[in-house]
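For reference, the structure discussed in these notes is given below.
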Amino acid sequence: MTPGNSTQPDTSSSACLKIFRGTSRDDGEYQIFDIVFEDGESVLDALVALRRDRAPDLAVRFSCFNANVCKECTMLIDGEVQYACLAKLKPGETQIDPLPNRKLLRDLITDTVSDKEKL
């Protein structure tokens, strides 16, 4: 670093998010988004930014911003059930799918209400 130069080191990385889209597991398809992210950002941060800036029709469930309900952002991330708010973004490709063994409603949203609660 030269004297008088106050530039910060670049802490950004790029990732490719492969996100399941559709209302049926049989007829759905993956949509790929290339993103730039800062170290420490979560998968949920990326999904929220995508909805805001590039894919307003992306269906994803989360409620941590309201602090009323947790566990709403559970999804399959690289083949593992994880909370999107805790899963950190990483360089390279990340595949994001709806929860397995649940009725798919749309994109990353599945029916999480048990049959007993549906009255």
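For Ser42, are the conditions met, namely being touching a residue at least 12 places away in the same chain (Cβ under 8 Å) and out of contact with any Asp or Glu (no Cβ under 9 Å at 6 or more places or on another chain)?
So Ser42 fits the description; yes.
Could you go through region 84-94 and let me know if any residue there is at pLDDT 95 or above, among the acidic types (Asp, Glu) and surrounded by 10 or more Cβ atoms within 10 Å (Cβ to Cβ).
yes
Report, ordered by the first and then the second residue, all pairs with beta carbons closer than 8 Å, sequence separation of six or more or different chains, a first member in region 13-26 that is surrounded by 12 or more Cβ atoms within 10 Å (Cβ to Cβ), and a second member that is among the basic types (Lys, Arg) and at pLDDT 95 or above.
If the second residue must be among the basic types (Lys, Arg) and at pLDDT 95 or above, the pairs left are Ser13/Lys90; Ala15/Lys90; Gly22/Arg106; Thr23/Arg106.
Which ones in region 15-40 are in contact with a strand residue (DSSP E or B) (Cβ under 8 Å, 6 or more places away or on another chain) and among the charged types (D, E, K, R)?
Lys18, Arg21, Arg25, Glu29, Asp34, Glu38, Asp39
The values are calculated or read from the model by the stated rules, or taken from the named source; none is laboratory data. Worth saying up front: this structure is predicted, and the values here are computed from it rather than measured. No Cβ is skipped: glycine too gets one built from the backbone with ideal geometry, and neighbour counts run over all protein chains shown.
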